[in-house]
Every structure is written in structure tokens, then in C-alpha cells.
Amino acid sequence: MSKLGKQLAKTRLILKRPRLTEKAGLLSAAGAHPTYTFEVATHATKPLIKKAVQELYKVVPVKINVVNVPAKTIFARGKKGRRPGLKKAVVQLKSGEKIEFV
């Protein structure tokens, strides 16, 4: 695997997937700076997230907020279960920049 391939593999381990929800869409449309939400690895820090977004999407993050979403206990079909927790990052970009999700 080439050096570029290894680097992209590492960034994909940090950024799991974009969170395309109604609330995330409203955040992106509301402010002067475009805002995107991602699910990230539990060990990810703000500098690692910033570097991963820069390498993967070729944009410059201005501000990053990180939120730990706790696990929840649920009841499904009469049985007790547990929905896993996750870590999400809210990334704010420079004005005029945009990320295209296909």
C-alpha cells in the first residue's frame, strides 16, 4: 500500500461517517459558516479530526466541537437491550467552502 493509501486509511478510521440528519441540515443552512456533523472514533481528538477533514475533503475547518453521546438502554420486542454510545464532531468550515456528499 502506498503512503497516500495508508494516510487515507488512517483518516477513514478517525471519521466514521457523516451524520445526515434533519438537525445537521438545519445547522448547515442556518449560519454564515457551513457546518457539518460526523461520527468519529472514540479516541479522536480535535486536532486529529481537523487533520482528517483537511486530508479527506480538502477544506479548512475553522472550529470543531466534540460531543460524547452516551449509550441508551432500550426495550425492543419485550427484551432489554442497549444502543451503543458514540462520539460526534460538529465541524465549521470557512465561508464559501462546501463538502459534497454523494
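For A44, no residue whose modelled amide H falls within less than 5 Å of its own remains once neighbours fewer than 5 places apart on the same chain are excluded. Each Lys and Arg contributes +1 and each Asp and Glu -1, all at the Cβ; summed about the Cα centre of the stretch 3-93, the dipole is approximately 500 debye. Rounded to the nearest 10 degrees, the inclination of helix 3-14 to the longest alpha-carbon principal axis of the chain is 40 degrees. In this rough spin-label picture, where each label sits 7 Å from Cα along the Cβ direction, the R82-E97 distance is 3.8 nm. The 3J(HN,Hα) values that the Karplus relation (6.51, -1.76, 1.60; θ = phi - 60°) gives for the stretch 39-54 are, in residue order, 7, 10, 5, 5, 8, 6, 10, 4, x, 5, 5, 4, 5, 5, 5, 4 Hz. Gly and Pro appear as x. The alpha-carbon of K16 sits under 23 angstrom from the alpha-carbons of these lysines, leaving out residues fewer than 8 places away in its chain: K3, K6, K46, K50, K51, K58, K63, K72, K87, K88, K94, K98. Computed from these coordinates, which is Cα extents along the principal axes in Å: (1) 44, 38, 29; (2) 76, 35, 27; (3) 48, 40, 25? Identified label for the calculated read-out: (3).
Sorting H33, H43 by the number of Cβ atoms found within 10 Å of their own Cβ, with the fewest placed first, yields H43, H33.
Where a number appears in this text, it was derived from the coordinates with a stated rule and is not lab data. Just so we're clear, the structure is a prediction, and the values are computed from it rather than from any experiment. Every residue, glycine as well, gets a Cβ built from its backbone with ideal geometry; the counts of neighbours run over all protein chains shown.
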